[in-house]
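Asks: Please find one structure pasted underneath; my questions will follow.
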Amino acid sequence: MRALSFLITLIICIATVHAAKPLQGDYYNRDSVEARLRSMPLHIIEGIWQFPSDGATIVIERSRHDGPMTDDAVTYNMILLKSPMRSLLPGTEMGTLKPTAKRGAYSAVLYTDTDGGQRLLKPKNFTLTLNDDGHLSFHKHGSSIKVSIWRLLPYVSRLGIRVYNDKPRELNGCVRVFPMSKDGPIEPRYL
């Protein structure tokens, strides 16, 4: 019985340590990240991205750079470079991405919450869509189980009350910072 409880404790510890741990590397210095990315042949999704809403900066890069074509499925890591939350350190893994059958669409598992310290928790499924103009939009997958409280109350549905979410689906996302788009900056500065 003691061996079983020890094994369960060990599994819980390993799972906790694995959740969004800081990666090793030079993610504290953006110039060295840009130099490393410049030296490799990049896929279209790879590069440095910034969230316009809060200024957080991330890197999306392949998990292994074995070459342009390998037999393994391509997986990308989303790694934090700069965050408005001081407790999250550069190099923290925010999630993973995998390409889908649709061009410019990626299936992602992203961590959506923090423990108040350096770790990210609560992985959620997202679909990321890459636009041609250097924008990456995020769409969170919803739950397939929905409870209708109105059905529990008899005849309340006849009142005609409806609740709609009018927020556009693809407002959340990132803007490419590096490498710059071939068309130039997304919002050019005029002097």
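The values are calculated or read from the model by the stated rules, or taken from the named source; none is laboratory data. This is a predicted model, so every value here is computed, not measured. Note that we place each Cβ from the backbone using ideal geometry, even for glycine, and neighbour counts take in every protein chain shown. In case anyone asks, the SASA skips ligands and DNA or RNA and just uses the protein heavy atoms, side chains included. Shrake-Rupley method; radii C 1.70, N 1.55, O 1.52, S 1.80 Å.
Asks: Out of the residues in the stretch 44-66 that are in contact with an Asp or Glu (Cβ under 9 Å, 6 or more places away or on another chain) and modelled with pLDDT under 90, which is most open to solvent (accessible area, probe 1.4 Å)?
Replies: 64
Asks: Taking residue 2, is it at pLDDT below 85 and within 19 Å of residue 91 (Cα to Cα)?
Replies: Criteria not met by residue 2.
Asks: Identify, from the list 46, 93, 34, the residue that is acidic (Asp, Glu) and under 12 Å from the mean Cα position of the chain (by Cα).
Replies: Unique residue meeting the criteria: 93.
Asks: Restricting the search to the stretch 86-119, which residues are in a loop (DSSP other than H, G, I, E, B) and surrounded by 13 or more Cβ atoms within 10 Å (Cβ to Cβ)?
Replies: 88, 89, 90, 91, 100, 104, 115, 118, 119 - these are the residues of the stretch 86-119 that are in a loop (DSSP other than H, G, I, E, B) and surrounded by 13 or more Cβ atoms within 10 Å (Cβ to Cβ).
Asks: What residue, among those in the stretch 102-125 that are among the polar types (S, T, N, Q) and in contact with a Pro (Cβ under 9 Å, 6 or more places away or on another chain), is nearest to residue 84 (Cα to Cα)?
Replies: 118
Okay, residues lined up against (1) over 22 Å from residue 180 (Cα atoms); (2) touching a Leu at 6+ places or on another chain (Cβ under 7 Å):
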residue: 31; (1), (2): no, no
residue: 38; (1), (2): no, no
residue: 53; (1), (2): no, no
residue: 64; (1), (2): yes, no
residue: 73; (1), (2): yes, no
residue: 79; (1), (2): no, yes
residue: 92; (1), (2): yes, yes
residue: 97; (1), (2): no, yes
residue: 113; (1), (2): yes, yes
